[in-house]
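The values are calculated or read from the model by the stated rules, or taken from the named source; none is laboratory data. All figures in this text were calculated on a predicted structure; none of them were measured in a lab. Glycine also receives a Cβ, built like all others from the backbone with ideal geometry; neighbour counts cover every protein chain displayed. All accessible areas refer to the heavy atoms of the entire protein, side chains included, with ligands and DNA or RNA removed. Shrake-Rupley method; radii C 1.70, N 1.55, O 1.52, S 1.80 Å.
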Amino acid sequence: LFTWRKKTVGNRAVLVGINAYPIAPLAGCVNDVHSMKQLLMSKYGFAEDNIRIILDRDATKEKILEALGWLVQTDPGHVAYFHYSGHGAQVPTDDPGEKDGLAEIICPVDFDWTPEHYITDKEFVRVFSNINKQTAFYWCSDSCHSGNLDRTMPQSGRKERAMPLPPELKAKVASAKKRRAHARSMTEGALDVGFMSGCRADQTSADTFIHGRPCGAFTWFLSKALQKLPR
């Protein structure tokens with residue numbers, strides 16, 4: 001037991017949960033973070049001091065990227081884990097690498113549809129490319145456009161974790177989708193990462209209630225599955 005604890009003390013995690021969006025608030029994201037923190041500590045031996053939690057008003061783009069800069073410094077031989085629960089979206093892009101003409105993004109609490117206040121898949125790749133190759137890196141994104149669990153979830157009280165598109169972007173996104181090009185994942189061919197997402201890039205994730213408690217559908221099922229598995 002001592003040896004196991006010694007090995008896991010160097011693991012690091014960044015957990016981000018945002019309910020308090022000025023537009024389209026959610027209900028289950030903060031609970032997702034607390035559930036994952038408990039699981040990381042109780043089952044996987046993460047030290048509480050090595051888990052950075054960013055919630056609601058604190059979850060600006062600047063603070064999220066600052067925390068991820070700390071995460072990528074995880075020592076070789078240990079685990080780096082990033083969990084995001086909140087809104088996601090797609091925005092039109094001229095990037096030739098995006099065959100469908102859309103970039104997948106996450107929405108910090110200060111999100112306003114400008115690049116200064118959202119984080120794109122390419123930005124994540126730039127940050128996470130600094131993780132040492134000997135570090136086991138896992139990333140879970142319980143957000144829209146990141147399949148679809150709707151069929152297993154009660155419809156009452158369920159919201160999509162997709163930021164509503166402003167009118168000026170709706171036509172551009174609709175036009176891009178008509179091309180029917182393959183939508184790449186946020187990490188496709190770019191990172192050595194165990195990537196888990198609540199849905200495909202062209203789908204939405206569910207913010208819902210299970211047993212009367214607000215949560216993300218994907219995070220809830222993921223945590224339950226991991227609890228049943230041996231280490």
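The strands (runs of 3 or more DSSP E) falling completely within region 136-231 that include 1 or more residues that are touching a Gly at 6+ places or on another chain (Cβ under 8 Å), modelled with pLDDT of 85 or more and open to solvent by less than 40 Å² (accessible area, probe 1.4 Å) map to 136-142, 206-210, 213-216. For Asp32, the criteria (1) of a type in the set (D, E, K, R); (2) at pLDDT below 95; (3) touching a Gly at 6+ places or on another chain (Cβ under 6 Å) hold in every case but one, which is (2).
With the condition kept exactly as written, say whether any residue in region 74-95 is open to solvent by 20 Å² or more (accessible area, probe 1.4 Å), assigned to a loop (DSSP other than H, G, I, E, B) and of a type in the set (A, V, I, L, M).
As a first pass, look at region 74-95 and keep what is open to solvent by 20 Å² or more (accessible area, probe 1.4 Å): 75-79, 92-95.
Filter once more, keeping what is assigned to a loop (DSSP other than H, G, I, E, B): 75-78, 93-95.
Among the residues that remain, those that are also of a type in the set (A, V, I, L, M) are: none.
For region 74-95, residues open to solvent by 20 Å² or more (accessible area, probe 1.4 Å), assigned to a loop (DSSP other than H, G, I, E, B) and of a type in the set (A, V, I, L, M): absent.
Among the residues of region 36-51, the ones that are in contact with a strand residue (DSSP E or B) (Cβ under 9 Å, 6 or more places away or on another chain) and at pLDDT below 95 come to 1 in all.
Residue-by-condition table, conditions (1) in contact with a strand residue (DSSP E or B) (Cβ under 9 Å, 6 or more places away or on another chain); (2) open to solvent by 30 Å² or more (accessible area, probe 1.4 Å); (3) among the aliphatic types (A, V, I, L, M):
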{"position": "Arg12", "(1), (2), (3)": "yes, yes, no"}
{"position": "Ile18", "(1), (2), (3)": "yes, no, yes"}
{"position": "Gly28", "(1), (2), (3)": "yes, no, no"}
{"position": "Leu55", "(1), (2), (3)": "yes, yes, yes"}
{"position": "Lys63", "(1), (2), (3)": "yes, yes, no"}
